[in-house]
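Inspection log for the structure reproduced underneath, given as structure tokens.
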Amino acid sequence: QVHLAESGGGLVQAGGSLRLSCAASGRTFSIYAMGWFCQAPGKEREFVAAINWSGGATYYADSVKGRFTISRDNAKNTLYLQMNSLKRDDTAVYYCAANHGGLYTVPRDYGYWGQGTQVTVSS
């Protein structure tokens with residue numbers, strides 16, 4: 001079992017940047033593929049980005065391509081999401097998640113979740 005804890009959220013103006021981190025503890029972090037999801041009030045949890053166990057493969061939602069970058073440092077047991085050119089529509093709670101498979105985009109395919117970190121983008 002792996003435990004996940006997100007950090008780095010906050011309030012930022014449109015056009016600004018944030019970097020989210022997800023610290024993992026418990027089982028070996030490097031065996032898991034990882035993903036980032038977001039959930040705005042009244043909406044379902046949505047896929048943002050995923051990365052395989054080594055960091056050699058990534059996949060992004062169309063809405064964040066070219067703006068967000070997912071990465072991981074297995075030596076530090078940490079997952080990252082660099083968010084640039086933020087828009088008001090990016091406002092949501094962001095969750096990191098782990099799975100034993102690959103670049104999944106559906107929340108039910110992830111077995112482990114963090115508690116989330118709030119990102120608010122103001123105009």
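The values are calculated or read from the model by the stated rules, or taken from the named source; none is laboratory data. These figures come from a predicted structure and were not determined experimentally. Glycine gets a Cβ as well: all are built from the backbone with ideal geometry, and neighbour counts include every protein chain shown. Heavy atoms of the whole protein, side chains included, go into the accessibility calculation; ligands, DNA and RNA do not. Shrake-Rupley method; radii C 1.70, N 1.55, O 1.52, S 1.80 Å.
Only a single criterion out of (1) among the aliphatic types (A, V, I, L, M); (2) farther than 15 Å from GLN118 by Cα; (3) open to solvent by less than 30 Å² (accessible area, probe 1.4 Å); (4) in contact (Cβ under 8 Å) with a residue 60 or more places away in the chain is not satisfied by ILE31, namely (3). Annotation note: Cβ proximity below 6 Å between a residue of the stretch 38-50 that is in contact (Cβ under 8 Å) with a residue 40 or more places away in the chain and closer than 11 Å to THR105 by Cα and a residue that is among the aliphatic types (A, V, I, L, M) and open to solvent by less than 60 Å² (accessible area, probe 1.4 Å) (sequence gap 6+ or interchain) occurs for PHE47/ALA61; VAL48/ALA61; VAL48/VAL64.
Just to be sure before I move on: is GLY35 part of a strand (DSSP E or B) and of a type outside the set (Asp, Glu) in the structure I sent?
Spelling it out, GLY35 is indeed part of a strand (DSSP E or B) and of a type outside the set (Asp, Glu).
Only residues that are outside any strand (DSSP E or B) and open to solvent by 40 Å² or more (accessible area, probe 1.4 Å) were counted in the stretch 38-51, giving 5.
If you go through the stretch 74-94 and keep only what is hydrophobic (A, V, I, L, M, F, W, C) and over 18 Å from THR58 (Cβ atoms), you end up with ALA75, LEU86, ALA92, VAL93.
Is it the case that the stretch 46-64 has a residue that's closer than 15 Å to ARG19 by Cα, among the charged types (D, E, K, R) and touching a helix residue (DSSP H, G or I) at 6+ places or on another chain (Cβ under 9 Å)? No, that holds for no residue.
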